[in-house]
Amino acid sequence: MSRRVRLPGLRSLVAVSVAGVLGLGLVACGNVQDSSTQTASSASADASAFPVSITHKFGTTKIEKAPQRVVVIGTSSDDLDAAVALGVTPVAYFSKDGSASVPPWLQGKIDPAKTQIIDAASGVNAEQVGALTPDLILATADYGLEQEYENLAKIAPTIGYATEWGAQTWQEHVDVVAQALGKTGEAAAVKASAQAAIDQVKAQHPAAAGKTFTASVGNTAGKMFTLASEKDFAVQLLQSTGLKLSPAVADASKNESGSPTGTLTPEQYDKLAADLVIVAFTSPDLQQAFESNQLVSGIKAGNYLVTDMQTISALRYPTVLDIPWVLEKLKPGFAKLG
């Protein structure tokens, strides 16, 4: 089954990136301010869709009427992006990725004055959530929900992940959020907009078909973490454009049991060679150390795309709104494929 895995290789490597970027390891807690005048924009919700019952890992949640005050909790922004794409303005987003700022792909799409973004990397404070008086909590992308669900469900109807964290595709996130918001009739168009961005890249870069790629992160001296499984959502997104994961990195997955990433040591860096090599680093020193390795000389001479941690993180966690953004960021690499 396709899935995400919370792992040291990519997503949680963002945890130790510089402050102000994404970071699960940053310990801070945003202040909740009075938001009594904020409401979710649910005017176009289908009233006939309620009451609705949604079954997930933690039980069945019944939503009696169209929610007006939606709170989102997530290690990734799947539910937030889906709600925004469906025309709903949540009153708050508890961000477990260590950032209390608007993600770049949501710039201009949400107003921080209407949607508070609260750094919840150190955990979700139920009292903070309760102070927002939500009538719906979306938490299908919340890593750690098993410890939080009981308290959250006492505050408001709470929607958890279907079976396990990270197992739902971006399309499935849209579907469940649409159901909870009474906007199932709009879900298809929302999903189609993201798919159109994928199809556009594929049409604009036909030479990508069948070309190989690797995608990696350097955050630790003497190590590179690389995507190594076709079950990973990031790999599937890139392969949907016509690219293929390089078979040379398949063995790397053995170093991370059950994970779609693997660890490569300096004597293995040549395995990263591909038609498109995507790499992100958490510091200039780590980039210099990698690029000074003799085995990397051929990689640097090819289609070598150094990107930032936000881009690699968005790639790891494709959502309905970050997909067009991340593909745009990767276009320089696609352009060099011919």
Legend entry - Boolean, residue 115 is of a type in the set (S, T, N, Q), outside the structural domain of residue 228 (by TED's automatic domain parsing), touching a Pro at 6+ places or on another chain (Cβ under 8 Å) and modelled with pLDDT of 95 or more: yes
Legend entry - Scope segment 147-179; condition buried (at least 18 other Cβ atoms within 10 Å of the Cβ), in contact (Cβ under 8 Å) with a residue 60 or more places away in the chain and not in a loop (DSSP other than H, G, I, E, B); matching residues: 148, 149, 152, 158, 159, 170, 173, 174, 176, 177, 178
Inset, instruction - With the checklist (1) surrounded by fewer than 23 Cβ atoms within 10 Å (Cβ to Cβ); (2) in a loop (DSSP other than H, G, I, E, B) in hand, flag the one item residue 128 doesn't pass. - result: (2)
Inset, instruction - Tell me, please, whether a residue that is surrounded by fewer than 23 Cβ atoms within 10 Å (Cβ to Cβ) and not in a helix (DSSP H, G or I) can be found in segment 187-207. - result: yes
Inset, instruction - Please note which strands (runs of 3 or more DSSP E) are completely contained in segment 224-338 and include at least 3 residues that are closer than 30 Å to residue 191 by Cβ. - result: 276-281
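Are any of the residues in segment 290-307 in the same structural domain as residue 215 (by TED's automatic domain parsing), touching a Ser or Thr at 6+ places or on another chain (Cβ under 6 Å) and surrounded by 22 or more Cβ atoms within 10 Å (Cβ to Cβ)? I'd like the intermediate steps shown before the answer.
Kept after step one, since they are in the same structural domain as residue 215 (by TED's automatic domain parsing), are these residues of segment 290-307: 290-307.
Within this subset, residues satisfying the condition of being touching a Ser or Thr at 6+ places or on another chain (Cβ under 6 Å) are none.
Within segment 290-307, none of the residues are in the same structural domain as residue 215 (by TED's automatic domain parsing), touching a Ser or Thr at 6+ places or on another chain (Cβ under 6 Å) and surrounded by 22 or more Cβ atoms within 10 Å (Cβ to Cβ).
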Inset, instruction - Being of a type outside the set (Ser, Thr, Tyr) and within 21 Å of residue 308 (Cα to Cα) narrows it down to one of 251, 285, so name that one. - result: 285
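The values are calculated or read from the model by the stated rules, or taken from the named source; none is laboratory data. Predicted model only: the values in this text are computed from it and were never measured. Neighbour counts are summed over all protein chains in view; Cβ atoms, including those assigned to glycine, are modelled from backbone coordinates with ideal geometry.
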